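Bear in mind these aren't lab numbers, they're just calculated from the coordinates by the rules spelled out. It should be emphasised that the depicted structure is a prediction, and the values quoted were computed from it without experimental measurement. So basically every Cβ, Gly included, is an ideal-geometry build from the backbone, and we count neighbours across all protein chains shown.
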Amino acid sequence: MTLAQPHKKAKALKPNSRRPAKDLCSECGLCDTSYIHYVKDACAFLNQQFDRLEALVHGRSRNLESDRELYFGVHQDMMQARKTEPIPGAQWTGIVSTIAIEMLTQGKVEGVVCVQSSPDDRFTPVPIIAKTPEEILAARVNKPTLSPNLNILDLVEQSGLKRLLVIGVGCQIQALRAVQDKIGLEKLYVLGTPCTDNVSRAGLQKFLETTSRSPQTVVYYEFMQDFNVHFKYEDGSTELVPFFGLNTKELKDVFAPSCLSCFDYTNALADLVVGYMGGEFGWQWIVVRNETGQEMLDMVQNHIETKPVISKGDRKAAVQQGISAYDQAMTLPMWVAKLMGVVIEKVGPKGLEYARFSIDSHFTRNYLFVKRNYPKKLDQHVPEFAKRIVAQYKLPKS
Ligand code: FAD
Ligand code: SF4
Ligand code: SF4
């Protein structure tokens, strides 16, 4: 990307003041900057524009006739991977942090946008522009809450950075892509993670209190491919809570409205995506969307082992059953939930089929959420790929 069209300045709004997307705002940070001027075009919740932005970033929009692209977006390669020497304290094995460190230390970029924690609360995100490997390492592990990553945009421009790596989730990257030619960069690299079911800090507290045995000492959690939520605690102990045992009635209101209306689970506009949902248990999942993404992945080839993706099982019956169970807010007794988890782990979807299971379950739920709460937005807001995915299932009429 060579660019630099000067952008019209507007007065930034103060954090927490009015957001044009109102209840649907995911607090991506754009509105805390002078780039708020572009919000109507850039905000993922005011202007759904996957086709245009995919073409801008990847040179083409996704091929809806290809099952893989329908689900996972434009890509040229996909694999499972893990670090041969995992980074202690990273969310998975630390591939994201390692790519960022290599990009910085080998001079590809001058700064990395990533998210550290507030000194007072490990789950309150603090976006920064990291300029040392130590600062990148200090940002490892998920802050599983809405994070205003784009609030550093003015700082990027002021500091005169020309080559930048941004790490972020889908809604942040959608807004970033819409303004990327206004920031004055010579080269932008975007390293994305998948993202779903995010929460406000208050929502996270409710989730932890409803689900974990020791909410105050949780240092990490993840919804994993073995159909359990894995918690890690300060004392080094772990706890597994089966998905099917979650208190759906209590948790239905926990997720942020933005995330209940989000269809960018796999971060369609990143150059490279690093998650876990398409990998087998213990492995991360990498999607290379374009040559810039390949350039980033090449930086860590000596640090990772890889193997091809697999796809096993059939998700469809489980997704269909889950739609009404979620709608009726059913919570199973814990022993039934554990038993179901064990059986499904043995015979259920694996690899890419697990990723499709998760996408189908979230897209059907989110489609119903938008239809019921924002019916006028439904047609424009839901992208064509999501409409096709949702159309495979029978949904409740109202
Ligand atoms: P690390 O090396 O530990 O680095 C983590 C990076 O995440 C850091 O650079 C940090 O800057 C960034 N980060 C932390 N919190 C946030 C935040 N709130 N917003 C933006 N960036 C942040 N993967 C899936 O496959 N399926 C999912 O459903 C899924 N949900 C996710 C939800 C959230 C909120 C986040 C942040 C990530 C999610 N991921 C999901 C990605 C996955 O959990 C791992 O982050 C990813 O596999 C990278 O692991 P790692 O060990 O390489 O990362
Ligand atoms: Fe502004 Fe981002 Fe909220 Fe949209 S999601 S209203 S761009 S802060
Ligand atoms: Fe943003 Fe979607 Fe993640 Fe919510 S689920 S934080 S809207 S990418």
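Modelled spin labels at Asp327 and Glu250, positioned 7 Å past Cα toward Cβ, are 2.6 nm from each other.
For the peptides 57-64, 115-122, residues were scored by their other Cβ atoms within 10 Å and the scores averaged per peptide; the highest-first order is 57-64, 115-122.
Counted residue by residue at 0.36 nm each, then reduced by the alpha carbon distance between them, the extension gain from Lys377 to Asp41 reaches 119.4 nm.
Here is the list for segment 222-314: chymotrypsin sites (Phe, Trp or Tyr not before Pro) lying in DSSP coil, each with at most 14 other C-beta atoms within 10 angstrom of its C-beta, are Phe281.
Place a point 7 Å from Cα of Arg122 in the direction of its Cβ. Which residues in segment 225-264 have their backbone N less than 11 Å from it? Taking a point 7 Å out along Cα→Cβ of Arg122, the residues of segment 225-264 whose backbone N falls under 11 Å are 232-237.
Residue separation times 0.36 nm, minus the C-alpha to C-alpha distance between Glu134 and Ala391: what's the value?
Residue separation times 0.36 nm, minus the Cα-Cα distance, leaves 87.8 nm.
A Förster radius of 56 Å combined with the Cβ-Cβ distance from Lys22 to Asn302 puts the calculated FRET efficiency at roughly 0.75.
Full extension of the chain between Glu85 and Arg52 gives 7.9 nm of extra length, using 0.36 nm per residue less the Cα-Cα distance. For segment 80-233, what class follows from the C-alpha gyration tensor (a ≥ b ≥ c being the square roots of its eigenvalues): rounded when a/c is under 1.5, otherwise prolate if a/b is larger than b/c, else oblate? It is prolate, given that a/c is not under 1.5 and a/b is the larger ratio. The label point for Ala318 and the one for Tyr220, both projected 7 Å from the Cα toward the Cβ, are 2.4 nm apart.
Remark: relative contact order (segment 191-252) = 25 percent; criterion is Cα-Cα distance under 8 angstrom and separation of 6 or more residues. Within segment 37-129, the GluC sites (Glu not before Pro) that combine a DSSP coil assignment with at most 11 other C-beta atoms in a 10 angstrom radius are Glu65. Relative contact order of segment 247-398, taken over Cα pairs closer than 8 Å and 6 or more residues apart, is 29 percent.
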